[in-house]
Every structure is written in structure tokens, then in C-alpha cells.
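Just below is one structure, and these are the notes that go with it.
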Amino acid sequence: MNNVARMKKTAKKFVIANWKMHGNLEQNQSLLTHYVNQLNSLKQTQVVVCVPYPYLSQVQSVLEHTDLAWGAQNLAKNLNGPFTGEVSAEMLKDFGCEYVILGHSERATAYCESDENIAQKFMMAKQHGITPILCVGETLIEREAGVMELKVGKQLDTIIDLYGVDVFNDAIVSYEPIWAIGTGLAASPLQAQAMHQFIFDKLTQSKEAQKNRVKILYGGSVNPQNALQLFKVENIDGGLVGKCSLSAPAFEDICQAAELSVG
Ligand code: PGA
């Protein structure tokens with residue numbers, strides 16, 4: 001069993017770096033080297049680095065003999081074929097990806113990704129042994145109208161209706177209020193707690209689901225100041241980190257907060 005597989009079995013928290021469309025070969029090398037030096041000895045926390053496709057080979061070569069794992073930020077819903085610009089699950093496997101972010105609101109909005117599309121991608125990842133990191137969350141208007149659970153419930157139900165609730169076993173869901181992403185305005189621990197409880201209750205009804213429990217992360221302006229408070233909340237199993245993952249010291253502080261939150 002390699003290091004990554006060993007970590008995953010015991011990790012209590014996950015901190016996932018979402019680089020979005022940032023980086024270049026030189027900067028990445030330095031950031032990844034810092035990550036390894038600072039984070040390779042964490043005991044309770046699995047760190048995952050999700051990079052743009054062209055850098056998968058680089059991230060693989062820097063992280064492959066460490067406890068840090070890596071992944072992509074999207075995959076195609078099809079296996080292969082005439083789909084110009086798409087990248088398949090098998091291609092991600094060629095570069096050792098164990099994780100893939102799916103349904104991020106930045107993609108869903110800009111590229112009109114429907115819940116059904118995202119559900120197909122979720123299944124494609126599962127079928128290839130790649131852990132899906134499914135992003136769900138509401139807009140500010142939806143929160144102000146009090147329909148945030150309806151919105152998140154529908155996003156989850158699209159997958160449950162197609163494939164059954166057990167497809168979430170060992171998967172990751174990231175609650176990402178759209179109003180909190182990149183705004184500096186994170187959800188309060190109370191707001192996050194309520195939504196995480198809702199997601200937890202929905203996805204852990206069967207005995208099987210309780211045994212292979214889905215991890216539920218929080219994403220949206222996680223930073224070194226708010227991370228510990230958020231990660232201590234019941235049913236918050238870690239974070240999906242955008243902006244602060246591009247700074248080695250900030251990302252280290254967030255990962256240390258995850259480690260501390262386990263106690
Ligand atoms: P942010 O991004 O940390 O920059 O708010 C989070 C995300 O997009 O998942």
C-alpha cells in the first residue's frame with residue numbers, strides 16, 4: 001500500500017487546494033515544494049492539490065512519493081470520442097489523479113453545466129476510482145429567500161435519483177455558498193453547521209452510508225483566521241480552499257488548523 005492510500009484510510013480531515021486557473025511551471029514548483037516541506041508530516045489531515053490540467057504531470061512528479069494527493073478541477077462526462085477540448089477520467093488516471101472537483105459554481109455558471117451533467121461526471125469519476133469532490137451551494141438571493149436547503153437538496157437529489165444514495169459512500173461533498181466564494185465573506189460557523197447537518201442527514205441514512213461516510217467540506221473564503229472555528233463545527237470534515245491555497249504560509253496555517261481541530 002502506498003503512502004497516500006494509507007493516509008486516506010485514517011485521515012479525519014481533508015484540506016483541498018483549488019488552484020483554479022492560476023500558476024505557471026516555476027511558481028508551481030516552488031509552491032508544491034513548500035507544501036511538501038510543511039505538510040507532509042500531518043497526521044490527521046489529507047491534503048489534496050487540484051491543479052489545471054497542463055500541470056498534472058508536474059504535480060504528480062513532485063507529490064508522488066509524499067502523503068499529499070492530487071487531482072483535477074473537472075472531467076468529461078463521456079469516456080472518449082469526438083469531444084474537442086474535453087479530458088476523460090482515464091486521462092486523469094494516467095497522471096495518478098485520485099480526486100476531481102465537480103460542479104464548482106464558477107464552471108456551472110460560466111459553462112452552463114446542469115445538475116444532470118454534473119451527476120454524469122460524478123458517476124464517471126466513481127466508475128474510474130477517482131473520488132469526486134462535488135460542490136453544492138446557494139446564491140445570495142436564494143439564501144435571502146430562505147430556499148438554500150431546497151437548492152442544495154435538488155443538487156444532491158439529481159444524483160440520488162439517478163444512481164441511488166449509496167453512490168455518495170466515500171465521496172466528498174463541499175458546501176460552497178456562492179456568495180462566500182472569493183468574496184472574503186465566509187459563512188458563519190452557525191450557517192455552515194445548519195447546512196452541513198442537512199447534507200449529513202440526507203446522505204447518511206443507510207447503514208452502509210454510515211460505515212463509508214461521505215466527507216462534507218466547507219468552501220468559500222476559508223482563511224487562516226476562520227479555519228479553526230469552521231473546522232471544529234460538527235460535520236465539517238475540512239475545507240476546499242481557493243485563494244489562500246496560492247500562498248504557502250496561509251495554506252499551511254489552514255492545514256494546521258485542520259490538524260488542531262481534531263484535538
Ligand atoms: P475561495 O474559493 O477560497 O477563494 O473563496 C473557494 C472555492 O472556490 O472553492
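Annotations for the structure displayed:
- Among the residues of this structure, Ser247 does not count as one that is under 15 Å from the mean Cα position of the chain (by Cα) and either within 11 Å of the ligand (Cβ to nearest atom) or open to solvent by 20 Å² or more (accessible area, probe 1.4 Å) (or both).
- Strands (runs of 3 or more DSSP E) contained entirely in the stretch 116-232, each with at least 3 residues that are β-branched (Val, Ile, Thr) and within 19 Å of the chain's Cα centre (by Cα): 131-136
- Candidate set: the stretch 164-175, residues that are open to solvent by 10 Å² or more (accessible area, probe 1.4 Å) and at negative phi; chosen: the one farthest from the ligand (Cβ to nearest atom): Asp166
Conditions tested, residue by residue: (1) of a type in the set (Asp, Glu); (2) touching a residue at least 12 places away in the same chain (Cβ under 8 Å); (3) open to solvent by 10 Å² or more (accessible area, probe 1.4 Å).
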| position | (1), (2), (3) |
| --- | --- |
| Gln197 | no, yes, yes |
| Ala227 | no, yes, no |
| Gly242 | no, yes, yes |
| Asp253 | yes, yes, yes |
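- Residue match in the stretch 91-105 (condition: open to solvent by 10 Å² or more (accessible area, probe 1.4 Å) and over 19 Å from the mean Cα position of the chain (by Cα)): yes
- Evaluating Gly137 against the criteria (1) within 16 Å of the ligand (Cβ to nearest atom); (2) open to solvent by 50 Å² or more (accessible area, probe 1.4 Å); (3) of a type in the set (Gly, Ala, Ser); (4) closer than 18 Å to Phe14 by Cβ leaves one unmet condition, (2).
- Test: residue in the stretch 118-133 that is open to solvent by 50 Å² or more (accessible area, probe 1.4 Å) and farther than 21 Å from Leu92 by Cα: no
- Filter pass, Gln191 being within 25 Å of Leu31 (Cα to Cα) and open to solvent by 40 Å² or more (accessible area, probe 1.4 Å): no
The values are calculated or read from the model by the stated rules, or taken from the named source; none is laboratory data. Owing to the predicted nature of the structure, the values given are computational and were not obtained by experimental measurement. When we count neighbours, we look across all protein chains shown, and the Cβ atoms used for this are built from the backbone with ideal geometry, even at glycine. Side chains are part of the model used for accessible areas, which takes the heavy atoms of the whole protein and leaves out ligands, DNA and RNA. Shrake-Rupley method; radii C 1.70, N 1.55, O 1.52, S 1.80 Å.
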